[in-house]
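J.: Shown below is the structure under consideration.
Read-outs throughout are calculated quantities, based only on the coordinates presented, and are distinct from any laboratory measurement. Note that the structure is predicted; figures quoted are calculated from it, not measured. Backbone-built Cβ (ideal geometry, glycine too); neighbour counts: all protein chains shown.
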Amino acid sequence: MHVDLPTYAKQGFGAELPLQAPYGLLIVDFVNGFADPAIFGGGNIPAAISNTVPLLQAARERGWAIAHSRIVYADDGADHNIFSLKVPAMLTLKEQEHRSAIVPELAPAAGELVVRKTVPSAFFGTPLAQWLTQRGVQTLVVAGAVTSGCVRASVVDAMSWGFRPVVLSDCVGDRAIAPHDASIFDMGQKYAAVMTRDEALTRCQPTESRVA
């Protein structure tokens with residue numbers, strides 16, 4: 001991927017996004033269907049899921065607010081929309097279908113929010129923003145799939161709601177690497193801090209408060 005970095009820098013993109021406690025974690029659509037290359041998966045999604053397992057454990061140990069999202073359509077497809085017109089197979093993600101269930105290694109625990117959605121963003125038409133706000137979250141760490149789709153849409157909305165998004169480059173995945181790489185770059189330039197899981201766990205300490 002060729003990027004004219006001097007142009008971005010000259011125009012003022014890519015500034016550091018200071019992190020501020022309290023922290024939250026959003027895991028976007030790590031469900032069985034996106035883990036399976038025969039359905040919606042492939043690329044680096046399996047590695048991203050594996051990397052997210054210790055992330056989720058650390059977030060629980062630190063007492064972060066934790067939310068998960070799933071794409072879930074009505075059993076009769078009554079909520080069929082533009083997203084499912086573009087990707088008709090999305091309508092197979094029903095409440096009781098195995099493919100719509102969160103992968104077992106990242107199964108939600110008691111007290112963690114699970115939002116159901118029929119569009120890419122985990123924020124659109126869900127209580128996620130209010131739930132995070134009630135818990136005082138300032139910085140939202142984001143993992144999930146796919147980087148160029150539902151992760152990106154959720155990151156843009158997180159920023160729009162006033163949260164400071166942190167995209168974990170090794171905990172988000174896409175079925176193709178080119179859109180993953182392009183989206184990681186673009187989010188880092190415009191909407192979010194981008195770093196690895198281990199860097200984020202080092203920087204996102206309970207006592208850290210970096211006010212812009």
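J.: Arrange C171, C204 by Cβ neighbour counts within 10 Å, fewest through most, would you?
T.: Ordered from fewest to most neighbouring Cβ atoms within 10 Å, C171, C204 come out as C204, C171.
J.: In sequence order, what are the phi-derived ³J(HN,Hα) couplings for region 184-197 according to the Karplus relation 6.51 cos²θ - 1.76 cosθ + 1.60 with θ = phi - 60°, rounded to whole Hz, with x for glycine and proline?
T.: 4, 4, 5, 5, x, 7, 10, 10, 8, 7, 10, 7, 7, 4
J.: Distance between Cα centroids, region 96-128 to region 1-53: provide it in whole Å.
T.: If we compute the Cα centre of each part, the gap is 17 Å.
J.: Starting from region 89-145, pick out the chymotrypsin sites (Phe, Trp or Tyr not before Pro) whose DSSP state is loop and whose Cβ has at most 13 other Cβ atoms within 10 Å.
T.: none
J.: Using per-residue counts of other Cβ atoms within 10 Å, averaged over each peptide, order 157-163, 29-35 from highest down.
T.: In descending order of packing, they fall as 29-35, 157-163.
J.: Let me ask you something else. Under 30 Å from the Cα of K94, which lysines turn up, not counting those fewer than eight places away in the same chain?
T.: List returned: K86, K117.
J.: While we're on this one: Report the residues of region 93-117 in range of a label on D76: point 7 Å along Cα→C-beta, backbone N strictly under 16 Å from it.
T.: Residues 95 qualify, since their backbone N sits under 16 Å from the label point.
J.: Tell me, what HN-Hα J-couplings in whole Hz come from the Karplus equation 6.51 cos²θ - 1.76 cosθ + 1.60 at θ = phi - 60° for each residue of region 80-89, using x for Gly and Pro?
T.: Listing the rounded values in order: 3, 9, 5, 4, 6, 5, 6, 10, x, 5 Hz.
J.: Do you know the relative contact order of the chain, to the nearest whole percent, from alpha carbon pairs under 8 angstrom that are 6+ apart?
T.: Averaging sequence separation for qualifying contacts and normalising by length gives 31 percent for the chain.
J.: Applying a 10 Å radius around every beta-carbon, put 182-194, 144-156, 76-88, 105-117 in order of their mean neighbour count, most first.
T.: In decreasing order of mean packing, 182-194, 144-156, 76-88, 105-117 become 144-156, 182-194, 105-117, 76-88.
J.: Something else about it: Assign one of three labels to region 30-129, namely rounded, prolate or oblate, based on the Cα gyration tensor with a ≥ b ≥ c the square roots of its eigenvalues; rounded applies when a/c is under 1.5, prolate when it is not and a/b is larger than b/c, and oblate otherwise.
T.: Oblate shape, in that a/c is at least 1.5 and b/c is the bigger or equal ratio.
J.: If you rank S169, S121 by fewest surrounding Cβ atoms within 10 Å, what's the result?
T.: Starting with the residue having the fewest Cβ neighbours, the order is S169, S121.
J.: While we're on this one: Among DSSP beta bridges whose residues both lie in the chain, state the antiparallel percentage, nearest 5.
T.: Within the chain, antiparallel bridges account for around 5 percent of the total.
J.: So for region 111-212, averaging the separation of alpha carbon pairs under 8 Å that are six or more residues apart and normalising by length, what relative contact order in percent results?
T.: Once divided by the residue count of region 111-212, the mean separation gives 24 percent.
J.: Let me ask another. Would you please classify the overall shape of region 99-212 from the alpha carbon gyration tensor, given that a ≥ b ≥ c denote the square roots of the eigenvalues, rounded means a/c under 1.5, and beyond that prolate means a/b larger than b/c while oblate covers the rest?
T.: Verdict is rounded for region 99-212.
J.: Let me know the shape class of region 1-61, please: from the alpha-carbon gyration tensor, a ≥ b ≥ c as square roots of the eigenvalues, rounded when a/c is under 1.5, otherwise prolate if a/b is greater than b/c, or oblate.
T.: It is oblate, given that a/c is not under 1.5 and a/b is not larger than b/c.
J.: Report, ordered by chain and residue number, the lysines lying within cross-link reach of K10, taken as a straight Cα distance under 23 Å and ignoring same-chain residues fewer than 8 apart.
T.: The reachable lysines, counting only those whose Cα sits under 23 Å from K10, are K190.
J.: Evaluate the distance, in nm, between pseudo-label points positioned 7 Å from the Cα of A89 and of F13 along their respective Cα→Cβ axes.
T.: Once both label points are built, they end up 3.1 nm from each other.
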